[in-house]
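The values are calculated or read from the model by the stated rules, or taken from the named source; none is laboratory data. Keep in mind that this is a model prediction, so the values were computed, not measured. Positions of Cβ are backbone-derived with ideal geometry, glycine not excepted, and every protein chain shown enters the neighbour counts. In case anyone asks, the SASA skips ligands and DNA or RNA and just uses the protein heavy atoms, side chains included. Shrake-Rupley method; radii C 1.70, N 1.55, O 1.52, S 1.80 Å.
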Amino acid sequence: MFATEKGVKYAVTGAPSQASGSIKLVNDGAAPVRPGPSDIVVIEYTGYLSDGRIFDATHAKGKGKDLAFQMGTSAVIPGLEDVVRNMRVGESVQAIVPPELGYPRGICLKKEDETEGECLVKPGATLVYDVFLKKTSIPPP
């Protein structure tokens, strides 16, 4: 089990395979690449609540297969970006994201009278993500 500087705990569940052909290597070919601070990354993920229910996934009905985003742009929750920053291309991890790096106020529907309704993610929920880092690339100029 590892932890990021911000406190996301994670375990590597699948190591990069250089034989797969989709792994980008460092100049000397010694090791798979980690994303840079403004790189564009492509991931597959499944997000779970602590009780095991899936609340979001890249393979969910009606979604594309992958999620692409630019690091450092707040395109995803801080905990997800934090763990991706520590991954290598081709690696799979399971991450435990504390509430303050996920959705501290939850994801809740509002009723017509503007009061809080049903919550997909309750305020203060700890989240679990299975993440696979497919690609990383420098952004276009």
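What to note about this one:
- With 0.36 nm allotted per residue and the present C-alpha distance subtracted, the A3-R34 stretch has 9.6 nm of extension available.
- When the surface is traced with a 1.4 Å probe over the full set of protein chains, S38 keeps roughly 60 Å² accessible.
- Separation of the K111 and I54 label points, Cα + 7 Å toward Cβ, nm: 3.1
- Globularity ratio of segment 53-107, using Cα Rg and 2.2 N^0.38 Å: 1.20
- [x] 44, 19, 13; [y] 54, 35, 22; [z] 30, 15, 14, with the label sought being that of the calculated semi-axes √(5λ) of the Cα gyration tensor in Å: [z]
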